[in-house]
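First the structure, in the form of structure tokens, and then the observations on it.
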Amino acid sequence: MPRWFNQDTLAGALFLAIGAGGLVAGRSLNVGTADAMGEGYVPLAACWLMVGLGVLIAAGGLRASAPAVEPGRLRPLLAVTAAVLAFAFTLEPLGVVVAIFASALCAARAVPGVALRSVLLPAIVLSLAVLAIFVWGLGLPLHALPRLPG
């Protein structure tokens, strides 16, 4: 393998690609000004940060000896994907608390041997934090628990 083919240069290239993709996708958004921000102000700023970080990380991988690229593992990829999908599909019908628990339980399967009961305390803390920040603090229209029919 060439010296530049390492974890840092590939991670930097991924950051750069995601940031550039966001810039292309958001090119029609109104940026506005610092005083009157448009809908594209924050997303495009985040994309520029991703591009900058990508360049810095990739440059670091070119200059130093970074760890070699390891072969991919399927279990973590599937577990994290399942966690995202579980959250997306349970948020609206079952509420944010159930969605967080479903997501946490799926993500815990990424590492073999993790006891599901060890996920309970972090899921409780995360649920309370999300409720406090997004539902009670910001007033987002999310329900905490499943809605009863009727």
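Kindly evaluate ASP8 against the criterion of being out of contact with any Ser or Thr (no Cβ under 6 Å at 6 or more places or on another chain), exposed (fewer than 12 other Cβ atoms within 10 Å of the Cβ) and not β-branched (Val, Ile, Thr). It is false that ASP8 is out of contact with any Ser or Thr (no Cβ under 6 Å at 6 or more places or on another chain), exposed (fewer than 12 other Cβ atoms within 10 Å of the Cβ) and not β-branched (Val, Ile, Thr). The residue that is nearest to the chain's Cα centre (by Cα), counting only those in the stretch 25-52 that are surrounded by fewer than 16 Cβ atoms within 10 Å (Cβ to Cβ), hydrophobic (A, V, I, L, M, F, W, C) and within 25 Å of TRP4 (Cβ to Cβ), is LEU49. With respect to (1) touching a residue at least 60 places away in the same chain (Cβ under 8 Å); (2) part of a helix (DSSP H, G or I), the lone exception for PHE5 is condition (2).
Throughout, read-outs are computed from the coordinates displayed, never taken from laboratory work. Bear in mind that the values here come from a model prediction, so they are computed numbers and not experimental data. Positions of Cβ are backbone-derived with ideal geometry, glycine not excepted, and every protein chain shown enters the neighbour counts.
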